[in-house]
Amino acid sequence: MSSNEWGKALLAVAAGTVVVLGSLHAVPVRAASPAEQFKAWDPDNDGTIDMEEAKKAAVAKFESLHKDHDGTLDMKELASAKIDEKTFAKADVDNDHTLDQKEYLMVVEQRFKAADTDNDGTLSPAELKTKAGKALSALLK
Ligand SMILES: [Ca+2]
Ligand SMILES: [Ca+2]
Ligand SMILES: [Ca+2]
């Protein structure tokens, strides 16, 4: 599937259209729909993601990226988290050119706050769909 098709699919979901991922065929591992994804990050099922829930998901992601189990992630391991060099450099407070879990969670915290546009301490599905919300999602999934 081309990235263009993905973009269209995401737009359709954002517009509230029901997209049956299966109909896009030939996806070897079926990706979770945004709604399913949201549910997975909202274990208390209150319809919003709070900081604790975001950090829990982020820790799970950190563990899954953490293939060599040395306690830190380098730029390469962080590829799917979409952390750019500038963010990386800022988050790497001990300057060892890797992010440990604490440093990773700092980025989560930053992006969470950026995405929480109404400043109520939680993220609604709508807030998660914003640019900042998507940047946060990349750290969680
Ligand atoms: Ca929740
Ligand atoms: Ca570091
Ligand atoms: Ca909010």
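Quick note: the coordinates plus some simple rules give every number you see, no bench work behind them. It should be emphasised that the depicted structure is a prediction, and the values quoted were computed from it without experimental measurement. Heads up, the Cβs are rebuilt from the backbone with ideal geometry, glycines too, and the neighbour counts pull from every protein chain shown.
For this structure, a couple of remarks:
- Overall dimensions of the stretch 31-141 by Cα: Rg and Dmax, Å: 13.5, 39
- The overall shape of the stretch 88-141, judged from the alpha-carbon gyration tensor, is prolate: a/c is not under 1.5, and a/b is greater than b/c.
- Alpha-carbon centroids, the stretch 33-48 and the stretch 79-141: separation in whole Å: 18
- Other residues whose C-beta falls under 11 angstrom from the C-beta of residue 45 contribute a net charge of -3, scoring Lys and Arg +1 and Asp and Glu -1.
- Taking Lys and Arg as +1 and Asp and Glu as -1, the other residues whose beta-carbon sits under 11 Å from that of residue 87 total 0.
- Computed lengthening from residue 80 to residue 59, 0.36 nm per intervening residue step minus Cα-Cα distance: 6.1 nm
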